[in-house]
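Undergrad: Sending over a structure as C-alpha cells; questions will come in a sec.
The values are calculated or read from the model by the stated rules, or taken from the named source; none is laboratory data. Only a predicted model underlies this, so the values are computations on that prediction, with no experimental measurement involved. With ideal geometry, Cβ positions are generated from the backbone for all residues, glycine too; neighbour counts draw on all protein chains shown. Surface accessibility is based on the protein's heavy atoms, side chains included, excluding ligands, DNA and RNA. Shrake-Rupley method; radii C 1.70, N 1.55, O 1.52, S 1.80 Å.
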Amino acid sequence: MLSRNYSFKGGNGLSKSALVIGGGIAGIQASLDLADRDIHVYLVEKDPTIGGIMCRLDKTFPTNDCSACILSPKMADCNGHPNIDVLTYHEVQKVEGEAGNFKVTVLKKARYVNPKECTGCGDCLAKCPVKNIPDKYEFGLTTRRAIYIPHAQAVPRVAVIDSSVCMKLTKDKCGNCAKTCQKGAIHYDDKDELITLDVGSIIAATGFKVWDAHVATEYGYGRFQNVVTAIEYERIMCASGPHRGHIVVPSSGEPPKKIAFIQCCGSRSQKKGWKKYCSSVCCMYATKQAMITKEHGDVQEDIFFMDIRSYGKEFEAYIERGQKEYGINMHRGARVANIEEDPETKKLLISYTDDNNDGVTEEFDMAVLSIGLTPPDGAEEFAQTLGIELNEYGFCKTTVFHPLETTRPGVFVTGAFAAPKDIPTSVAEACGSSAKAGAWIVGKDFTPCAPKQYPAEKDVIGKEPRVGVWVCHCGINIGSVVDVPAVAEYAKTLPGVVVSNQSQYACAQDCLDAISNAISEYDLNRVVVASCTPRTHEPLFREACRNGGLNKYLFNMANIRDQCSWIHMHAHEEATAKAKDLLRMAIAKACLLEPLEGSEIPVTQAAAVIGGGITGMNAALDIAAQGFPVHLVEREKELGGFARNFAFKEDGVAVADYLKETIKKVENCKLITVHKGVTVKDIPGFKGNFELQLSDGTKAPIGAVLFAVGAAQYQPTEYNYGSDAKVVTQIELEKKLEEGDFKGKDVAFISCIGSRNDKVHYCSRVCCASMLRNAIKIKMKDPTANVTVIHKDIRTYGYREELYLKACQMGVRFLRYPVENELPEYDGNVVKAFDATLGMELEVPVDTLVLATGIAPLREEKEELAKMVKVPISKDGFYFEAHQKLRPVDFATEGVYVAGAAHWPKFMDECIAQASGAASRMLTVISKSKYVSEGIVATSNPDRCDGCGVCVGCCDFNAITLIQQPNGAYKSNVNAGLCKGCGCCVASCPAGAMEQRGFRNKQICAEIDACLDYPVGGQ
C-alpha cells in the first residue's frame, strides 16, 4: 500500500479545512454550506459516486418532485465547487489530534480507472465479458459487469473495476477494457494508497442502511418473488431503474392490479432482529409510492399500518390527498399477520384484521414491505475510528440540547446517522452541522479560499448566432410522453442551430461537461436546453455555459416537462408537437440574447434574529461564534420564548436550567445585541443591505435576517375548558406534576385538540410525545392511577417510540377512535368514545381530563413580518420556505431565513438543529464583503421616461425611485440589488421607458413570431 501527499483544490495556502464523511444529501449540503462560506472542504465518500440513497429514489414527498431532478444540481454543484475536493471511493482509516487540529488518514481505494482521463463514454462496459454481477445500486434487481459506472447520473461519471471479479486482475486474462479505452484511462497496476488530511473539524454524514427484510420470515421476502422491499420498489418505479419506470409484477412481467403496502416492517417491535424505534419516514414514502403507482395505471392499493405518522409539513394533507384523490385504501390499526403464496399463480395471500376486527385473507399481485432505517454498515468500527460514542440503537449518540454534536469535540453529525429522519430534516441539520464545524475553522488566522477562476468570456457582439441544443429525456419524466429524438432532430432544421443532441439526463455531470466542451468545439455563442423547470435547473446550465467561456445569460431554456409531458401525459403526439413549438420559440429568443453582467453589491456583515426563544438564541450564538455581530430581537421583556412554560427534563437536564444557561451565554456575548420588549417596525432593503427598524427607534444595518418567532399553544374552547376545573392542558398538568400538586386518580388524555380537524388540518407533531411523557409521570407517581389515552393515532416517531412502549408497560390504556369521528363526548364526569379496536363505545370515568392541545401558528403576527420582506405564508399559517426538500430554511426572498416553530411545529432538538442550519445559511451571505447581483433586471430609458412614477407604485420590492435631474425633471432609477426581475414595471410603464434585460421587447417578439409564423409542431 502506498502513502503519498496529494495536491487538492484548496492548495497549500489554507489555514484549515473541514472534512465531511459521507456523500449523501446531508454530506453534500454540509459541504456546500462550508464551501460557500469560503472554507475548503474534503468530502469523503466510500462509494464510487456521491448521491447516497436519495439518488436512487423515484419521487420525493410531499411535492412528488423527481428525486434525480432536484438532487442532480446539488451533486453537480458539489463536484464543480472550487472549494470542495470530492474524494469518492475513499474511506477514513484513522483520526488523530484534537478539535481545530485533526490529522486524518484516508484510504484511497484503487479503482483501476484514472478519473482525470475517463470520459464516462461507456465503451469499456460494452466490451467487458464478465457479466451478471448483482448491481448494488439497483439492490440486486439487475446486474452489471466487472467494469461499471454506478448509474446514469453518477458524480463523478467515472468507471470503476470490481477487482474481485475482473478476469484481468484475478487471472491476468482479458484486458478488453484497456484495449477499448481510447483515452488510456485503464490502469491495472493501480494500488490502494493512504493519504493524510489536516482538518479543523469533522462532520459525520454516513447515513443509514435499510433493514434486512429476510428477518421477517412471516412475510416471505426472499422466498416469494412478488414480495419486494420499499427501496426495491423505488427502483422498480424509477425512470432510471431496471424497468425504465414501468411497474411490473416480478414473477410475470405484467402490470399489477392489486398491491399491498405493509408498514413497520422491521420497526416498532420487540421481536428478535426487529427495531424498537419508529423509522419516521415509512408512512409517508409508502403513501408516495402508492400515489405514483396510481399515475402509472388503475391499481387497487391497500396500506396496512398501526398508526399513520404524517407529522411533517403538509404531510397530513398529503395523506388525505392519497385517500380522497387517489383512492388509496388505508387500513388503520391493522398489522399483517403473514403472507402466503399461491404456488401456481404466484399471487400473494395476505391475512389481516379488518375494521370489524374480523380476520380476512385477501389476494394481491404484489406486496411492498415498508422496511425501516438502521445504522449504516460498519457503524461501530467507524465510531471507534472517529472516537465517538453510539447510542443504544447503534446510531451516533447526541443529546436533545446538542443535537448536532457527538461525544468528541470538533466532530459533528448530521442526517440519518444520528437518527432515522426525512430529507428536509437532514438538509436543515446538514446546514447546522456546517455552522458548528465552521466555528472551529474560522478565526483570526483564517484564510478564505480564493474565488473561482473562469475562462475568459468569448466576444459574441456582432456575430451570427451559433446555437447548441440539448433535449432531455429526464428518464421517463419527459421521454415516455414526448418523442425526444424527433424534437432533437427537428431542432437541427431551425435557423442558427449548429448542433442538436439528446440526453438521458441533461442535468447529469457528463452532459454539463459536454455543454461546456461543445461551446469551444462548435464555437457556440448560444445554448438552449429543453428539459424541466428553470426554477431549479437554470443556474446549473448557466454555470456550464460559464465554464465553457460563454456569458451565462446567453443561455435559454424550454420547459418541456411541466408544460408538455406532465400536463399532456395522455396526449403523446400533441405533447411532442408542443415541445417542438416551445423549443423553436426558445431558440428564436436565444438568437437575440445579449451578454449581461450583474452589479457588485457591498454586504453589511451583521445579522438580525427576530425571536428570542430557544431557536433564536441558538442561531444568534452560532453566528456570533464565527465573529459576526447579531441583533437579537424579542418582543417580551425576557428571553426564552414559549419554552419558559416547560417543566420537564430532557436527557436529565431541566429545560429551565438549559434556558438559564443559554440566556446567560447570549447576554454575555459581546457580539450579540439583545433588544427586549420591542417589536419590528420594518425591514427595508435587500440581501446584504437590510435595515432593521425597531419600535423603540433603533435602526441597525444588517445583511441577513432570520424569522424565529415561534408559535403558540392552541387555546382550547372544547370540553368547557376554563370553566370546568377538571379540564386542563398539558402545560398546566406538567406544572402541577412538577410542583407535586397533582392528585388525580382517573385521568384521561384526549389528543388532537386544535389539530387534525375540519378547521386545522395539520398534525402539531409534539402533542403525542408530551401526552405520553405526562402519562408516565402520573403512573410513576401513583401506579394505582387509571390513565387512559384517547387518540386517533400515536405519533411517537423516532426514538420517542420508547415513550409509547414504556407507557404500555406501566399500564396506561390506549383507546383509538376513528379518524373521521367527532371528538369524544364529555359530560363532566365521563368521557364517551368509540373504541375502534373493540368495536364498541366505552365510558371512561375521569377526575382529570387533559387536553393535548396543538400548536397555533400566530398567523397575523407572521403576516406583519412577512409583508416587510415579501415572504409567503403557507395555507396553515406558518412561513413557507423556498423548497420543502432542499431549501427548508431559506425563503425565496434572498437574505431572509426561517427556523423553529415559525416554520412548522417541532421538538426542541429539531428547533435547535434548524436554528444552526439557518445560521449557516445566513453566514454564506454575511461572511462575504460583496456579491454580484442578478443580471436580469429592469432598466429605464431616460430618453423615454417622463417621471410619472407608475413604476414606483407597482414595484413590490421598492427597487425603483424617482431621481430629480439637474433640469428639475424626474427619471426612474432601478436598484439592481433590490430588483427581482418580475417585469411588473415594464408592463405598467405608459411611455415604454422600462425594459427588462434578458426579456427585451425584441426578444419576446421573436418568441411570439416563432410561435405564430410556423404551423403547430413545426409541420
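Undergrad: Select from 858, 42, 937 the residue farthest towards the positive end of the dipole of the chain; place +1 on Cβ of Lys and Arg, -1 on Cβ of Asp and Glu, and compute about the Cα centre.
TA: 42
Undergrad: Follow-up question, since we're still on this one. Report, to the nearest whole %, how much of the accessible area of the chain belongs to carbon and sulfur atoms, 1.4 Å probe, protein only.
TA: Using a 1.4 Å probe with all protein chains present, the chain comes out at 49 percent carbon and sulfur.
Undergrad: Just want the answer: with Cβ charges of +1 for Lys and Arg and -1 for Asp and Glu, which residue in 204, 572, 53 is farthest toward the dipole's positive end in the chain?
TA: Farthest along the dipole direction, towards plus: 204.
Undergrad: Over 21 Å between Cα atoms, which of 127/179; 699/867; 875/906; 324/346 qualify? Please list the in-between numbers first.
TA: Numbers: 127/179 9 Å; 699/867 18 Å; 875/906 18 Å; 324/346 31 Å.
In this structure, 324/346 lie more than 21 Å apart at Cα.
Undergrad: State in Å² the accessible area per residue of the chain; use a 1.4 Å probe, count heavy atoms of protein chains only, and round to the nearest integer.
TA: Numbers: 40900 Å² over 1019 residues.
Per-residue value: 40 Å².
Undergrad: Tell me, Kirkwood radius of segment 110-190 from alpha-carbon pair distances, in Å?
TA: Values: mean 1/r = 0.0793 Å⁻¹.
12.6 Å is the Kirkwood radius here.
Undergrad: For the pair residue 678 and residue 954, what calculated FRET efficiency results from E = 1/(1 + (r/R0)^6), where r is the Cβ-Cβ distance and R0 = 30 Å, to the nearest 0.05? Write out the running numbers ahead of the final one.
TA: Working: r = 32 Å, r/R0 = 1.08.
Rounded to the nearest 0.05, the efficiency is 0.40.
Undergrad: Indicate, rounded to the nearest 5 percent, the antiparallel portion of the DSSP beta bridges found entirely in the chain. Numbers along the way, then the final one.
TA: Details: 71 of 158 bridges.
Around 45 percent antiparallel, to the nearest 5.
Undergrad: Excluding residue 603 itself, what net charge comes from residues whose Cβ is under 10 Å from its Cβ, given Lys and Arg +1 and Asp and Glu -1?
TA: On the way: positive: 687, 928, 930; negative: none.
With Lys, Arg at +1 and Asp, Glu at -1, the net is +3.
Undergrad: OK, next. Apply the Kirkwood formula to segment 507-600: the hydrodynamic radius equals the inverse of the mean of 1/r over all pairs of different alpha-carbon atoms; give it in Å with one decimal. Working shown, then result.
TA: Working: mean 1/r = 0.0717 Å⁻¹.
Roughly 14.0 Å, rounded to one decimal.
Undergrad: For the chain, what is the calculated [θ] at 222 nm in deg cm²/dmol (nearest 500), taking -39500 (n - 2.57) for each run of four or more DSSP H residues and dividing by its residue count?
TA: Working: 24 runs with 264 residues, N = 1019.
Calculated at 222 nm, the ellipticity per residue is -8000 deg cm²/dmol.
Undergrad: Can you send over the solvent-accessible area of residue 827, 1.4 Å probe, protein chains only, in Å² to the nearest 10?
TA: Number for this one is 100 Å².
Undergrad: Moving on. Scan segment 822-894 for GluC sites (Glu not before Pro) in coil per DSSP, keeping those whose Cβ has at most 16 other Cβ atoms within 10 Å, and list them by number. Mind dumping the intermediate values first?
TA: On the way: sites: 822, 825, 841, 843, 860, 861, 863, 864, 881, 894; in loops: 822, 881, 894.
Hits after loop and neighbour filter: 822.
Undergrad: Cα to Cα, under 23 Å, and not fewer than 8 places away if on the same chain: which lysines meet these conditions relative to residue 745?
TA: Output for residue 745: 726, 735, 736, 777, 779, 781, 806, 832.
Undergrad: Any idea what log10 I(q)/I(0) is at q = 0.13, 0.14, 0.17, 0.21 Å⁻¹ for segment 210-373, Debye with uniform C-alpha scatterers and no solvent?
TA: -0.57, -0.67, -1.03, -1.63
Undergrad: About its Cα centre, what dipole magnitude does segment 933-1012 give when the only charges are +1 on Lys and Arg Cβ and -1 on Asp and Glu Cβ, stated in debye to the nearest 20?
TA: On the way: 6 positive and 7 negative charges, 25 e Å.
About 120 debye.
Undergrad: Write down the radius of gyration of segment 425-563 and its Dmax, each obtained from C-alpha positions, in Å.
TA: 18.6, 60
Undergrad: With Cβ to Cβ distances under 14 Å as the rule, what net charge do the other residues near residue 157 carry (K, R +1; D, E -1)? List each step's numbers first, then the result.
TA: Working: positive: 111, 116, 183; negative: 47, 117, 123, 510, 513.
It works out to a net charge of -2.
Undergrad: What three numbers, in Å, describe the spread of the alpha carbons of segment 414-505 along their principal axes, ordered from the longest?
TA: Principal axes ranked by extent give 57, 40, 13 Å for the Cα atoms.
Undergrad: Another one. Under a no-solvent Debye model with one identical scatterer per Cα of segment 714-854, what's log10 I(q)/I(0) at q = 0.10, 0.14, 0.20 Å⁻¹?
TA: -0.29, -0.59, -1.33
Undergrad: With a sphere of radius 11 Å drawn around the Cβ of residue 179, what net charge do the other residues whose Cβ falls strictly inside it have (Lys, Arg +1; Asp, Glu -1)? Mind dumping the intermediate values first?
TA: Working: positive: 127, 168; negative: 123.
Net charge around residue 179: +1.
Undergrad: Taking Cα centroids, how far is segment 749-796 from segment 959-994 in Å?
TA: 57 Å
Undergrad: If you don't mind, another one. Using a 1.4 angstrom probe on the protein heavy atoms only, could you order 96, 429 from most to least accessible area?
TA: On the way: 96 85, 429 15 Å².
From most exposed to least exposed: 96, 429.
Undergrad: Students often check this: by mean Cβ neighbours within 10 Å, which of 761-771, 657-667, 882-892 ranks highest, and how do the rest follow? Display every interim value, and only then the final one.
TA: On the way: 761-771: 24.3, 657-667: 15.9, 882-892: 20.9.
For the peptides 761-771, 657-667, 882-892, the packing ranking is 761-771, 882-892, 657-667.
Undergrad: A further question on this structure: Figure the gain on full extension for residue 929 and residue 272 (residue separation times 0.36 nm, minus the Cα-Cα span) and round it to one decimal in nm. Kindly include the intermediate steps, with their values, before the conclusion.
TA: Details: separation 657, 0.36 × 657 = 236.52 nm, distance 5.75 nm.
Going from the current span to full extension adds 230.8 nm.
Undergrad: Express in Å², to the nearest 10, the accessible area of residue 714 obtained by rolling a 1.4 Å probe over the protein heavy atoms while all chains stay in place.
TA: The value for residue 714 is about 50 Å².
Undergrad: What would the Debye equation give as log₁₀ I(q)/I(0) for segment 933-1012 at q = 0.15, 0.16, 0.23 Å⁻¹, counting only Cα atoms as equal point scatterers?
TA: Each listed q corresponds, in turn, to -0.51, -0.58, -1.04.
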